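**Student:** Handing you this structure, nothing more for now.
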Amino acid sequence: MSMDVTPVEFYWLATIQRETRQVTQDGIVNAVPGMHTRATITKYVLDRLREQYGTGFTILCYSLEPNDLVAGGQ
């Protein structure tokens, strides 16, 4: 049995605070079900935020959802 390696597009949104400044960022990430998890996608997003803002920030809000408008993600 072969594994389906078709990537699924996810949309993420994060609001962070750095010192007294709040910033909201968002983006799209592709993940292969069974190969990637919510944890690996979140690590990817955090790595991108650290590249841009360094390590001195606090996550105030984080959301990760399939990037579709069909109920149930089908």
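The values are calculated or read from the model by the stated rules, or taken from the named source; none is laboratory data. Note that the coordinates shown come from a computational prediction; the quantities given were computed from them, not determined experimentally. Here the Cβ is made from the backbone with ideal geometry for all residues, glycine too, and neighbour counts use every protein chain on show. Accessible surface is based on the protein model in full, side chains and every heavy atom, while ligands, DNA and RNA are left aside. Shrake-Rupley method; radii C 1.70, N 1.55, O 1.52, S 1.80 Å.
**Student:** Could you say which residue among Thr40, Thr58 is in contact (Cβ under 8 Å) with a residue 24 or more places away in the chain and exposed (fewer than 14 other Cβ atoms within 10 Å of the Cβ)? Steps first, please.
**Tutor:** Numbers: Thr40 fails: in contact (Cβ under 8 Å) with a residue 24 or more places away in the chain.
From the options Thr40, Thr58, the qualifying one is Thr58.
**Student:** When you scan the range 16-29, how many residues do you find that are under 20 Å from Val5 (Cα atoms) and either in a loop (DSSP other than H, G, I, E, B) or touching a residue at least 24 places away in the same chain (Cβ under 8 Å) (or both)? Step through it out loud before you land on a result.
**Tutor:** First, pick out the residues of the range 16-29 that are under 20 Å from Val5 (Cα atoms): 28-29.
Subsequent filtering for residues that are either in a loop (DSSP other than H, G, I, E, B) or touching a residue at least 24 places away in the same chain (Cβ under 8 Å) (or both) retains 28.
Within the range 16-29, residues that are under 20 Å from Val5 (Cα atoms) and either in a loop (DSSP other than H, G, I, E, B) or touching a residue at least 24 places away in the same chain (Cβ under 8 Å) (or both) number 1.
**Student:** Among the residues of the range 12-29, how many are of a type outside the set (Val, Ile, Thr) and open to solvent by less than 80 Å² (accessible area, probe 1.4 Å)?
**Tutor:** So the first thing to find is which residues in the range 12-29 are of a type outside the set (Val, Ile, Thr), and the list is 12-14, 17-19, 21-22, 25-27.
Remaining after also requiring open to solvent by less than 80 Å² (accessible area, probe 1.4 Å): 12-14, 17, 25, 27.
Counting residues in the range 12-29 that are of a type outside the set (Val, Ile, Thr) and open to solvent by less than 80 Å² (accessible area, probe 1.4 Å) gives 6.
**Student:** A further question on this structure: Can you confirm whether Val32 is exposed (fewer than 10 other Cβ atoms within 10 Å of the Cβ), free of Cβ contacts under 8 Å to residues at least 40 places away in the same chain and on the phi < 0 side of the Ramachandran plot? Break it down into steps so the answer makes sense when it comes.
**Tutor:** Details: exposed (fewer than 10 other Cβ atoms within 10 Å of the Cβ): no; free of Cβ contacts under 8 Å to residues at least 40 places away in the same chain: yes; on the phi < 0 side of the Ramachandran plot: yes.
For Val32, the condition - exposed (fewer than 10 other Cβ atoms within 10 Å of the Cβ), free of Cβ contacts under 8 Å to residues at least 40 places away in the same chain and on the phi < 0 side of the Ramachandran plot - is not met.
**Student:** Taking the criterion of being over 13 Å from the mean Cα position of the chain (by Cα) and not small (Gly, Ala, Ser), would at least one residue in the range 33-46 satisfy it? Please lay out each step first, then the result.
**Tutor:** Initial filter on the range 33-46 (over 13 Å from the mean Cα position of the chain (by Cα)): 33-35.
Applying the additional criterion that residues be not small (Gly, Ala, Ser) yields 33, 35.
For the range 33-46, residues over 13 Å from the mean Cα position of the chain (by Cα) and not small (Gly, Ala, Ser): present.
**Student:** Still on this structure, please answer the following. Would you tally the residues in the range 43-55 being under 22 Å from Val8 (Cβ atoms) and either in contact (Cβ under 8 Å) with a residue 60 or more places away in the chain or charged (D, E, K, R) (or both)? Step through it out loud before you land on a result.
**Tutor:** Taking the range 43-55 and keeping what is under 22 Å from Val8 (Cβ atoms), we get 43-49.
Among the residues that remain, those that are also either in contact (Cβ under 8 Å) with a residue 60 or more places away in the chain or charged (D, E, K, R) (or both) are: 43, 47-48.
So the answer is 3.
**Student:** Here's a follow-up. Would you mind telling me which numbered condition in (1) without any contact (Cβ under 8 Å) to a residue 40 or more places away in the chain; (2) surrounded by 10 or more Cβ atoms within 10 Å (Cβ to Cβ); (3) among the small types (Gly, Ala, Ser) Ser63 fails?
**Tutor:** For Ser63, the exception is condition (1).
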